[in-house]
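One structure is given here, and the rest of the page talks about it.
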Amino acid sequence: MNQPDQIYFFGTCLIDLLYPKAGLAGMALIKRQGVKVIYPANQSCCGQPAFNSGYRQEALAVARAQLNCFPNDYPIVVPSGSCAGMVKHHWPELFAGQPDESQAIAAAQRTYELTEFLVDVLKLKLKDLGQPTRIAIHTSCSARREMGIADRIDSLIAQLSNVQVVEQAHKTECCGFGGTFSIKQPDISGAMVEAKCEALLATGAESVISQDCGCLMNISGSLEHQQRELPTQHVAEFLLQRITGEGK
Amino acid sequence: MSSARDNILQRLRGNRVDLEQPEQNIPPLEAWSAEQRITRFTENQEAVHGEVHTLPADQWIDWLAKELPKRGLHQVLTGTGDTGNQLGASNIESCVFHQYDQPIESWKPELFSQIDVAITGSRCGIAETGTLVLMPDRDEPRLMSLVPPVHIALLDATKLYQSFAEVIEEERWADGLPTNTLLISGPSKTADIEQTLAYGIHGPKQLITLLLV
Amino acid sequence: MNQYQAFYQRIDKALQNDQLRRNFRSAMDGIRERRLAQFPDDRELQTLRFQAKGIRNRSLSRQAELLERLETKLTENGIQVHWAETPLQANARIHEILEAEQATSVVKGKSMVSEETDLNHYLEQRGIEVIESDLGEYILQMAQEPPSHIIVPAIHKNRFEVAELFQKFHPEQPYTDDVDELTGCARQVLRKKFAYADAGISGVNFAVAETGTLCLVENEGNGRLSTTAPRIHIAITGIEKVVEKLSDVPPLLEILTKSATGQPITTYFNMISRPRQPGEKDGPEQVHLVLLDNGRSRIRNDDELLDTLRCIRCGSCMNHCPVYVHVGGHAYGTTYPGPIGILLEPQRLGIDKVGSLTSACTLCGACGEVCPVRIPLPKLINRLRAEAVEATPGDNGVPGTGALRSRSEALIWKLWKQIYTRSRIYSAFKYLATRLRHIKPPISNGWTRYRPIPTPSSKPLSELARQQGYDDE
């Protein structure tokens with residue numbers, strides 16, 4: 001795909017309410033490439049929380065409410081592997097047999113996770129203006145397995161000359177968030193995230209970067225609970241800071 | 001009980017499913033030369049703790065005459081076929097040959113406790129996995145390759161196939177199989193305690209292939 | 001106690017056991033590494049997975065026909081075929097066979113289907129001695145525990161725990177916690193059992209219709225002994241294990257052993273086509289095959305869930321499951337643990353009995369990625385979650401559909417829907433949440449046990465985007 005003139009930015013409910021800076025950074029990264037970024041005002045959520053809890057009717061209703069936010073055939077860019085995965089892979093399933101099925105399939109087909117869009121479509125070139133730092137990358141399971149785009153965040157960060165990436169043990173293993181899993185199976189989730197934090201802390205990284213705010217919320221929450229110091233950041237914010245030389 | 005059969009089959013027919021699609025097949029490996037097959041077989045058998053000795057076809061008895069006493073293998077179980085008969089006539093020093101010529105019921109305790117080594121032939125081999133193929137029969141019964149602590153098998157190097165699939169095709173197995181067909185790759189082993197490999201849990205601790213060229 | 005409470009108790013017990021968790025962690029790490037080493041070429045692996053899926057799908061599509069052909073062939077070969085719809089029928093049939101032959105002692109090779117029917121207890125209650133001969137299963141028989149893994153059943157025990165069991169049950173043997181010596185000890189003990197057992201019972205990995213052949217995959221040789229040394233051999237398997245042709249076997253065998261334990265092939269691949277023939281000097285006089293349905297044919301009702309039946313029981317899904325690695329197999333409380341257990345057991349036993357299993361999954365996809373027959377495990381587990389809370393269950397679906405629907409949970413999702421489908425309500429909700437962000441709702445749940453409630457931003461992205469001049473359409 002060639003660089004489009006404009007895109008829709010689907011910020012996701014988590015970023016909307018908890019991590020807007022990550023969303024703004026993602027939009028800025030795209031805008032800097034001369035692409036017009038539209039943030040549809042009425043968007044809310046892809047429907048994933050209910051879909052993964054078995055409440056498919058409710059998930060369908062919420063997903064359907066999004067369809068109207070993206071009326072034109074511009075790419076839809078989502079700064080989250082799991083929400084992008086929901087739209088791309090589960091909307092077709094969710095809308096199967098519905099009158100607006102073809103619309104949902106069309107939306108799924110032009111949906112990109114942010115790092116995927118930056119690499120595959122914008123072919124983003126980055127110049128690192130930041131101070132030397134050492135980071136660990138946590139790639140969400142949805143980005144890694146459902147979307148198959150784990151290498152996109154890696155290749156973006158590999159362009160940053162002052163950033164050293166250190167690898168945590170059991171890198172590909174889930175952090176234990178899993179949406180409502182963390183509430184339905186809190187003890188397993190707690191054990192998983194503690195193990196994940198331990199592995200991340202053991203790397204000596206100065207911060208943890210991810211393309212998914214769900215994982216970050218889980219990991220940073222657990223670190224805070226354990227009173228351990230390890231900043232976490234969404235990849236969009238991290239990249240923007242590195243190429244503008246702003247931030248810490 | 002026939003009603004269980006009918007009920008099950010009826011349910012299966014009632015729930016017809018059609019999942020058939022054109023099937024993907026792995027393209028066959030590049031054909032290996034005879035030497036390559038010998039090398040692969042040896043490497044792969046050794047990788048699973050098996051011992052392979054490549055010998056001229058007429059020297060296997062000499063090899064055994066040297067090795068059996070050296071390894072302290074005295075009570076030797078043989079079959080009643082050619083291999084067994086040649087061995088029985090061989091007079092290897094310090095070895096007592098027992099032919100498996102009676103049904104197991106009449107000497108089970110002896111088999112389980114008194115035999116040091118069994119020597120059998122084999123039907124063919126598989127290079128890709130380092131596998132011996134045995135088709136035990138009345139001359140070389142099933143337990144020979146299983147109960148004694150050491151199993152020595154003769155394998156004709158010209159009968160080394162590349163893959164299991166090739167064996168099935170070339171040996172026309174689809175036309176029918178004998179009582180028991182065995183693929184053996186290495187000695188008996190277990191990793192049931194702490195994933196630590198230990199050999200000879202039930203079958204032979206040692207598997208020795210005499211690859212005859 | 002409802003099923004969730006019981007499940008949470010088992011989970012808690014597992015999570016409190018540091019030794020158990022270390023045992024699983026190191027075992028699963030090792031198995032994962034060995035599996036990966038067998039598949040150096042990912043493209044080849046993906047093709048092999050498609051091939052295996054195709055073979056299994058063909059088997060399932062022709063299952064009735066293949067089972068009949070299998071029965072005909074086996075019967076021609078002299079192997080007796082028995083059919084059972086329920087575990088009880090299977091156990092009773094096996095007991096009848098043993099009783100008719102006055103068999104009082106049985107050695108068993110590893111069989112998960114016999115775990116499914118709880119065969120050992122059934123026979124023991126009827127005065128028959130049953131000895132598990134797989135080393136792992138034998139250890140568990142001494143410990144009186146069920147398997148915690150379908151391939152490496154005693155993986156939860158370390159060698160010291162095993163050593164204690166041997167000391168308790170075989171005080172005549174000197175104490176050792178050396179793995180080689182323990183293995184040697186087991187060899188001695190079990191040899192005696194093999195030497196006098198009347199009957200052997202085994203599972204089956206593939207039943208080949210074309211030639212009437214029962215295939216068993218193993219490393220120890222106990223499967224071969226169980227099926228050769230006693231005078232009767234009874235194999236028990238699920239009806240889905242039938243495959244059409246002998247040529248279907250090599251690809252399935254390859255991907256099974258590589259996926260299961262990271263071996264290019266197991267020590268033994270044992271293909272049984274007949275009982276002892278005239279003039280043969282060993283092997284059982286009688287060979288029986290018991291084909292068990294136990295809900296399997298019903299699973300075919302559902303176009304999506306029937307993919308479950310492709311499973312070849314390699315255990316790779318549990319080896320790679322981040323939940324399994326933390327809690328181990330016993331926490332699931334069912335015969336089959338891990339992702340395949342989460343998928344299979346509610347369909348077999350009912351959502352009303354074990355539907356809570358579906359909660360023990362983060363949908364991370366690790367299982368689906370490694371499944372050798374490409375069962376879309378996460379997708380199907382998520383589908384079962386929908387079945388579990390279905391508001392208007394029909395009668396043709398998964399047993400117990402709708403059993404886990406709770407009014408309070410349904411209400412929460414209804415409310416969620418109201419907020420997230422109406423932009424004015426959603427905006428108002430965000431306005432309140434951001435402006436009152438330092439007032440934490442008085443929620444105390446599982447999340448807050450391990451993490452604080454996250455603090456909303458001072459303004460939502462929707463407001464900030466507008467402020468920064470981004471168009472909204």
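Observations on the structure shown:
- Filtered residue count, the range C:375-397, keeping only those that are without any contact (Cβ under 8 Å) to a residue 12 or more places away in the chain and assigned to a loop (DSSP other than H, G, I, E, B): 4
- Looking across the range B:184-207 at every residue that is among the β-branched types (Val, Ile, Thr) and buried (at least 22 other Cβ atoms within 10 Å of the Cβ), the one that is modelled with the highest pLDDT is identified as B:184.
- Being within 30 Å of residue C:251 (Cβ to Cβ) and within 20 Å of the chain's Cα centre (by Cα) is a property that holds for residue B:51.
- Look at (1) open to solvent by 50 Å² or more (accessible area, probe 1.4 Å); (2) within 14 Å of another protein chain (Cβ to nearest Cβ); (3) in contact (Cβ under 8 Å) with a residue 12 or more places away in the chain and you find that residue B:56 fails only one, number (2).
- Restricting attention to the range A:165-190, the residues that are aliphatic (A, V, I, L, M), open to solvent by 10 Å² or more (accessible area, probe 1.4 Å) and in a helix (DSSP H, G or I) total 1.
- Condition met for residue C:256 (in a helix (DSSP H, G or I) and either open to solvent by less than 10 Å² (accessible area, probe 1.4 Å) or more than 7 Å from chain B (Cβ to nearest Cβ) (or both)): yes
- One residue stands out in the range C:447-473 among those that are among the polar types (S, T, N, Q) and more than 8 Å from chain A (Cβ to nearest Cβ): the one that is farthest from residue C:429 (Cα to Cα), namely C:448.
- Within the range C:221-236, the residues that satisfy the criterion of being in contact with a Gly (Cβ under 6 Å, 6 or more places away or on another chain) and either more than 7 Å from chain B (Cβ to nearest Cβ) or under 21 Å from residue B:177 (Cβ atoms) (or both) are C:221, C:223, C:226, C:227, C:228, C:230, C:233.
- Within the range B:152-168, none of the residues are closer than 23 Å to residue C:226 by Cβ and either in contact with a Cys (Cβ under 6 Å, 6 or more places away or on another chain) or within 9 Å of chain C (Cβ to nearest Cβ) (or both).
- Hits in the range A:36-58 - residues which are buried (at least 20 other Cβ atoms within 10 Å of the Cβ) and assigned to a loop (DSSP other than H, G, I, E, B): A:39, A:40, A:43, A:44, A:45, A:46, A:47, A:52, A:53, A:54, A:55
- Of all residues in the range B:95-113, at least one satisfies being among the aliphatic types (A, V, I, L, M), touching a residue at least 12 places away in the same chain (Cβ under 8 Å) and part of a strand (DSSP E or B).
- Boolean, residue B:183 is closer than 25 Å to residue B:53 by Cβ, free of Cβ contacts under 8 Å to residues at least 60 places away in the same chain and facing chain C (nearest Cβ under 7 Å): yes
- Residue list for the range A:216-230, filter: over 12 Å from residue A:136 (Cβ atoms) and touching a Cys at 6+ places or on another chain (Cβ under 6 Å): A:218, A:222, A:223
- Of all residues in the range C:372-399, those that are away from chain A (no Cβ under 11 Å), open to solvent by less than 30 Å² (accessible area, probe 1.4 Å) and at pLDDT 95 or above total 5.
- The listed residue being closer than 22 Å to residue C:338 by Cβ and either over 23 Å from the mean Cα position of the chain (by Cα) or not assigned by TED's automatic domain parsing to the domain that holds residue C:215 (or both), out of C:53, C:73, C:13: C:13
- The range B:125-138, residues that are more than 9 Å from chain C (Cβ to nearest Cβ) and outside any strand (DSSP E or B): B:127, B:135
- Selection status of residue C:20, aliphatic (A, V, I, L, M), under 13 Å from residue C:326 (Cβ atoms) and either more than 11 Å from every other protein chain (Cβ to nearest Cβ) or in a helix (DSSP H, G or I) (or both): yes
The values are calculated or read from the model by the stated rules, or taken from the named source; none is laboratory data. Keep in mind it's a predicted model, so treat the numbers as computed, not measured. Here Cβ is always computed from backbone atoms with ideal geometry, including for glycine, and neighbour counts include all displayed protein chains. All accessible areas refer to the heavy atoms of the entire protein, side chains included, with ligands and DNA or RNA removed. Shrake-Rupley method; radii C 1.70, N 1.55, O 1.52, S 1.80 Å.
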